[in-house]
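Asker: Let me give you the structure first, and then I'll get to my questions.
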Amino acid sequence: MRTVLGIETSCDETAAAVVIEGRQVSSNVIASQMEIHRPYGGVVPEIASRQHLEAMADVVAGAVAETGFDGLDGIAVTYGPGLVGALLVGLSYAKALSLALDVPLIGVHHIEGHLFSTVFEYGDWDYPALALIVSGGHTDLFYLPAALTYERLGHTRDDAAGEAYDKTARRLGLGYPGGPILDRLAQTGRTEAAPLVYRPPLIPDAPYDFSFSGLKTAVLRYIREQQIAPLPEGPNREAILAQAPDNIRHLAASFQQAVVNTLISVLERAIVAYRPRVVLTGGGVVCNSALRQALAELAERMGVGIRIPHPKYTTDNAAMIAAAGYAHLVRGERHDWSLEPAPSLRLGSHTAARPQPFRA
Ligand code: KG4
Ligand code: ZN
């Protein structure tokens, strides 16, 4: 087992990548549908499926251009969670390729893929490990006692962090996706100029769960009280954003600080309790400048390595799927043609709370 083709179509990126020995990215092709979904302010599932169908063959051909189909030893594909119609496109394509080339197929959990997104820059990791995955669809904290063993310690009770970013941005008329835009506006805002009445929730018996609904309410209340008008619509977004008033910039900074504080406080609590050898991070929100800085500071403060992937690997891509698939394929694991898309697939065992956490 050497060369694995990864395929990812769980949401709005059609992606394929060839990865050598689970580590070395030979190609990483991503056809983003962002511009197509932008006018709708979010991903439209039917449009996503159709776009995947149109892009799939070219994206895969682009990814294997150097290796060639003959050079493939395995095919790894996301089979859940995600949009069912979108997953179906990648999975059907992967099954057909696997059958035609007589190459083993492995289905990969999308979040397990995100967990492998640090491997390209940092290599393998030691156990026990913790993993924080923060994206538009997920905000999850995992404990990894050993290789390919996952216990979900906590998850979001309501919105994912990226979803909170996207909804807040929509309310302020900033556009989609909201994360990068709010991140940028926050750089020129002052948190103290937009104080939000909000306390990060500590959920009884679930110390590693997250919640962003209280923050969402606080933002709404602030917008109402301060009578902040959303930015106007218009074709030249850059020019409109450049003229965003100070009160929107201050609110962006304050909102961003609250999201980052929520994520860091839960992660810090878990580091104290579980004493991991390393912390892995992944998911689109890990592109966030304030979160990256706060993670680096937390690593320093706690004396633990926190692996933060390059932005090109934090958002959805197929290299991470190939890397995760490789880890399973080398153990002799395979899927057969009966593999179906699993829109609500869960990863590992789920612990609502562990009263007796592991101590090194
Ligand atoms: O991992 P991803 O590409 O797709 C999912 O699996 O959801 O994450 C997309 C999410 C979006 O909600 C987007 O707003 C958010 O990641 N995001 C950010 C930043 N860049 C992307 N959120 C905050 N700050 C950013 N710089
Ligand atoms: Zn993702």
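The values are calculated or read from the model by the stated rules, or taken from the named source; none is laboratory data. Because the structure is predicted, anything quoted here is derived from the model rather than measured. Every residue, glycine as well, gets a Cβ built from its backbone with ideal geometry; the counts of neighbours run over all protein chains shown. For accessibility, only protein heavy atoms count, side chains too; no ligands or nucleic acids. Shrake-Rupley method; radii C 1.70, N 1.55, O 1.52, S 1.80 Å.
Asker: I'd like the accessible area for residue 110, computed on protein heavy atoms only with a 1.4 Å probe and all protein chains in place. Round to 10 Å², please.
Answerer: 10 Å²
Asker: Where in the chain lies the longest segment free of GluC sites (Glu not before Pro) that are both loop residues by DSSP (not H, G, I, E, B) and have at most 11 other Cβ atoms within 10 Å?
Answerer: Longest stretch, sites excluded: 67-232.
Asker: ³J(HN,Hα) across region 58-68 via Karplus (A = 6.51, B = -1.76, C = 1.60, θ = phi - 60°), whole Hz, x for Gly/Pro?
Answerer: Those phi angles translate into 5, 5, 5, 4, x, 5, 9, 3, 7, 6, x Hz.
Asker: Quick one: accessible area per residue over region 177-236, 1.4 Å probe, rounded to a whole number of Å²?
Answerer: Solvent-accessible surface per residue comes out at 60 Å².
Asker: Which whole-angstrom value gives the distance between the alpha carbon centres of region 195-251 and region 119-169?
Answerer: 23 Å
Asker: Excluding same-chain residues fewer than 8 positions from residue 216, which lysines have a Cα within less than 30 Å of its Cα?
Answerer: Residue 216 reaches 167, 312.
Asker: Percent antiparallel among DSSP beta bridges with both residues in the chain, to the nearest 5?
Answerer: 55 percent
Asker: Out of the total accessible area of region 227-333 (probe 1.4 Å, heavy atoms of protein only), what percent is carbon and sulfur?
Answerer: Using a 1.4 Å probe with all protein chains present, region 227-333 comes out at 50 percent carbon and sulfur.
Asker: Could you derive backbone 3J(HN,Hα) for region 183-193 from the dihedral phi with the Karplus parameters 6.51, -1.76 and 1.60 (θ = phi - 60°), listing whole Hz in sequence and x where the residue is Gly or Pro?
Answerer: Couplings: 4, 5, 5, 4, 4, 10, x, 10, 4, 5, 7 Hz.
Asker: Counting only protein heavy atoms, what percent of the accessible surface of region 102-172 is carbon or sulfur at a 1.4 Å probe?
Answerer: With neighbouring chains kept in place, the figure for region 102-172 is 42 percent.
Asker: 5 Å is the cut-off here: which amide hydrogens, built 1.01 Å from N in the peptide plane, fall below it relative to residue 208, excluding neighbours closer than 5 in sequence?
Answerer: Under 5 Å from the amide H of residue 208 lies no amide H from a residue far enough along the sequence or on another chain.
Asker: When only the heavy atoms of the protein chains count and the probe is 1.4 Å, how do 312, 167 rank by accessible area, highest first?
Answerer: So, going from the largest accessible area down, we get 312, 167.
Asker: Another question about this same structure. Show me, for region 40-47, the HN-Hα J-couplings you get by feeding each phi into the Karplus relation (A = 6.51, B = -1.76, C = 1.60, θ = phi - 60°), rounded to Hz, glycine and proline as x.
Answerer: Along region 40-47, the couplings run 8, x, x, 7, 9, x, 5, 5 Hz.
Asker: While we're here: Residue 157 versus residue 333, label points 7 Å from Cα toward the beta carbon: distance in nm?
Answerer: With each label point 7 Å from Cα toward Cβ, the separation is 3.2 nm.
Asker: Work through the residues other than residue 87 whose Cβ is under 10 Å from its Cβ and net out their charges, Lys, Arg +1 and Asp, Glu -1.
Answerer: Result for the neighbourhood of residue 87: -2.
Asker: Determine the per residue accessible area of region 72-138 with all protein chains present and a 1.4 angstrom probe, expressed in square angstrom.
Answerer: So region 72-138 comes to 28 Å² accessible per residue, rounded to a whole number.
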